[in-house]
1. Looking only at region 211-229, filter to residues that are open to solvent by less than 80 Å² (accessible area, probe 1.4 Å) and touching a residue at least 60 places away in the same chain (Cβ under 8 Å); which one of those is farthest from residue 326 (Cα to Cα)?
2. Would it be correct to say that residue 338 is closer than 15 Å to residue 115 by Cβ and not in a helix (DSSP H, G or I)?
3. I'm checking my understanding of the structure. Among residues of region 33-92 that are modelled with pLDDT under 90 and of a type in the set (Lys, Arg), which one is farthest from residue 124 (Cα to Cα)?
4. Answer yes or no: is there a residue in region 180-192 that is open to solvent by 60 Å² or more (accessible area, probe 1.4 Å) and within 29 Å of residue 98 (Cα to Cα).
5. Across region 19-32, what is the total count of residues that are out of contact with any helix residue (DSSP H, G or I) (no Cβ under 8 Å at 6 or more places or on another chain) and among the small types (Gly, Ala, Ser)?
6. Keeping to region 193-210, report how many residues are part of a loop (DSSP other than H, G, I, E, B) and loosely packed, with under 14 Cβ neighbours inside 10 Å.
7. Return the residue satisfying two criteria in turn: it lies in region 97-107 and is surrounded by fewer than 21 Cβ atoms within 10 Å (Cβ to Cβ) and under 20 Å from residue 150 (Cβ atoms), and of such residues it is modelled with the highest pLDDT.
Amino acid sequence: MVLIDRRLLQNVDWLLLASAVGLVAMSAITLGNLNVGRAGAGVALRQLAWVGVGFLGLVILASLDYRRLVRMAPLIYGLGLAGLIAVFVHGRAVSGARRWIVVGPVSVQPSEMFKLAFVLMVVWWLTSRWAFPLGTVTVVLMVPIIAVPFVLIVKQPDLGTALLLLPVTVALLVGAGVRLRLLSGLVLAGLSGLPLAWLVMKDYQRERIMVYLDPFRDPLGSAYNVIQAKIAIGSGQLLGKGVAGATQSRLAFLPERHTDFIFAVFAEMWGFVGCLVLLVCYVLLLSRGFDIAAAAREPVGRLVALGATGLLASQVLINVGMVTGLLPVVGIPLPLMSYGGSSMVVSLAALGLLLSVRMRQFQ
């Protein structure tokens, strides 16, 4: 049984938790009014079941000292890599992608679970004694930590999750105090490799880039999702069309409406005002995360909080950006909103890390 010191409970960030509960509630309401496969109520109930598992993980991580977790990071990272490798042996293929492992009645996505292991591993490396001073050598020796999981995730293929590792790494490097000149050099080196990335991309991934540049190049094919998402968002107008009037969503004109494109569904149902409430919840949640990082009294806590918040912030920005056409389409769910057990559990576990830092920053 996990015991929590009562003194720690006095430092729980209730605004952070309230924002998360609000997002989960909006997710359940939205999913409950969609006819996805089985009855919408069944989808919502399964989502709430995963929310229960996620909140259990949140409580467990919040009760643990984050410094102990960072010390265990190499082991956690190794287990995460083992999960990524296991996908190629025991994974279940869906729509040409092999990303899930079936464990009894549920499917687990190791690449989602790996994201927190990656954050802890990078924090462990940046705060290790032999990583100082934080210069070129330290960053170069980090390359295998990033490159190995990046390649394994891309091979699934899951380019969206793989790319998510990059902004999280940049955020942690900035938080660790890496010189701006070195960071700029890394960014320029990454940009110089884009032509090579184009050559190794799969055809559908290249097509997504072309659709981003020309949204109407194939309106009934590769551009269909983005066009339908924009129609759904626009049709919501100021106050939304309500549940019954959300024809784009309920009549399945919008593909992947319960996962990657749930923001478009929400916008059609509740309009600009509803989206404003949703985004305010995200702003509150993320601002509390960055405040926790800023208030941390030692580097490990600051980087753990920054990594967890950066992970959530990157997903929100990329998902909303791709649904609205501001970014190319990649398979990244909207945290605490999109249907998916692994995503929900990892998002709530990230909040558990934030609470662990917050509850101990006054010790």
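1. Of everything passing the filter in region 211-229, 225 is farthest from residue 326 (Cα to Cα).
2. Here the answer is yes, as residue 338 does meet what is asked.
3. Out of the qualifying residues, it is 38.
4. So far as region 180-192 goes, yes, one or more of its residues are open to solvent by 60 Å² or more (accessible area, probe 1.4 Å) and within 29 Å of residue 98 (Cα to Cα).
5. Residues meeting the conditions: 1.
6. The total comes to 2.
7. 101
This table checks each residue for (1) under 25 Å from residue 198 (Cα atoms); (2) of a type in the set (A, V, I, L, M).
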| residue | (1), (2) |
| --- | --- |
| 83 | no, no |
| 104 | no, no |
| 117 | no, yes |
| 122 | no, yes |
| 141 | no, yes |
| 155 | yes, no |
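The values are calculated or read from the model by the stated rules, or taken from the named source; none is laboratory data. Predicted model, so just to flag it, every value in this text is computed and none were measured. Please note: Cβ atoms are built from the backbone with ideal geometry, for glycine as well, and neighbour counts cover all protein chains shown. What goes into the accessible areas is simple: the full protein's heavy atoms, side chains included, and nothing from ligands, DNA or RNA. Shrake-Rupley method; radii C 1.70, N 1.55, O 1.52, S 1.80 Å.
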